[in-house]
Amino acid sequence: MEFFVGSFGTGPMAFLAMVVGLYATSLVVLFTTGTVMTLLNKRHPDRKIQKREPTHDALRDIRSSMKQLMITSVCLSIGLYAQMKGWTLFAPVALSWWSVPLFFVISLMLHDTWFYWGHRILHTKMFYRFHKPHHMTVTPTVWSNDAGSSVDTLFAHSYYALVLFVVPMPALVFLGHRLFDQISAAVGHCGYEHFASPSARKPWPLLCTLYHDQHHQYFVYNYANYFSFWDRFCGTIHPTYDERVEGFEELYAAGKRDQA
């Protein structure tokens, strides 16, 4: 935050500069991740998860994502600006060898909980109309992640506006979490499984692309974002998820044998 203090002070211009800078960075991440994953998918067509092809317009998703990323950037800026102004309950912990990994994991776990229960609420009759635009994409692509309604975005990303008020997370860890979130979520929508491994299935809590892809296919399973423990605990994990992860592992192994 020293850059904003030195260049823009701590007034409204600093907040505006945060929003603009974070939004520009989000767009770079959007198009970089989308391009890289599109090229990777073309190299491995056998890893496609669903047989059906996407039926929606990629440009529509890109335009919607660009709009929603502005809302996300405002949420991030609210949290960072409040911390910079000293409005939070606690000052941020200094960066160190232990604070970076600790607060990164804490933030992932908190956001995963926030996302899971917010996502469940969005699937209720009262709120589903706000989430439905995102679910028009039954076969997701790498451009689908941020596409949707503004209310949908706020359910997931208001976390970034609020968490720094109560958690003394260093700003760089906070931004690192958001970068990880944007990239991993885009990969989770890419429609091809490149990262299946034993750590992505029981008894481990990590995920791979198949996890959220099944959510788009079946709508009432796999609500979480980074980990599977909430879905496993609440009985909302898709019954074939672990088996299909193992199937992709076997596919990788067969491909390596063919190349040998």
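Quick look at the numbers
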quantity: Unique residue being part of a helix (DSSP H, G or I) and either closer than 19 Å to residue 181 by Cβ or of a type outside the set (Asp, Glu) (or both) when the list is 110, 95; calculated: 110
quantity: Selection status of residue 51, surrounded by fewer than 16 Cβ atoms within 10 Å (Cβ to Cβ) and modelled with pLDDT of 95 or more; calculated: no
quantity: Condition met for residue 74 (loosely packed, with under 14 Cβ neighbours inside 10 Å, hydrophobic (A, V, I, L, M, F, W, C) and within 20 Å of the chain's Cα centre (by Cα)); calculated: no
quantity: One residue from 69, 76, 108, 80 being over 27 Å from residue 216 (Cα atoms) and of a type in the set (A, V, I, L, M); calculated: 80
quantity: Any chance residue 244 is under 30 Å from residue 87 (Cβ atoms), of a type in the set (Lys, Arg) and at pLDDT 95 or above; calculated: no
quantity: Filtered residue count, region 118-151, keeping only those that are closer than 26 Å to residue 35 by Cα and under 13 Å from the mean Cα position of the chain (by Cα); calculated: 6
quantity: Cross-chain or 6+ apart pairs with Cβ under 6 Å, region 127-142 first and more than 15 Å from residue 55 (Cα to Cα), then acidic (Asp, Glu) and modelled with pLDDT of 95 or more; calculated: 130/152; 131/152
quantity: Residue count for region 113-138, restricted to those that are buried (at least 19 other Cβ atoms within 10 Å of the Cβ) and outside any helix (DSSP H, G or I); calculated: 1
quantity: Selection within region 163-179 - closer than 18 Å to residue 113 by Cβ and within 17 Å of the chain's Cα centre (by Cα); calculated: 163, 173, 174, 177, 178
quantity: Lone qualifier among 69, 40 - being surrounded by 15 or more Cβ atoms within 10 Å (Cβ to Cβ), of a type outside the set (Val, Ile, Thr) and in contact with an Asp or Glu (Cβ under 9 Å, 6 or more places away or on another chain); calculated: 69
quantity: Which numbered condition residue 32 fails, given (1) in contact (Cβ under 8 Å) with a residue 24 or more places away in the chain; (2) within 23 Å of residue 181 (Cα to Cα); calculated: (1)
quantity: Index of the failed condition, residue 155 passing every other in (1) in contact (Cβ under 8 Å) with a residue 40 or more places away in the chain; (2) assigned to a helix (DSSP H, G or I); (3) aromatic (Phe, Trp, Tyr); (4) closer than 30 Å to residue 19 by Cα; calculated: (1)
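The values are calculated or read from the model by the stated rules, or taken from the named source; none is laboratory data. Everything numeric here is computed off the predicted structure, so don't read it as measured data. Quick reminder, even Gly has a Cβ in these numbers, built from the backbone with ideal geometry, and neighbours come from all protein chains shown.
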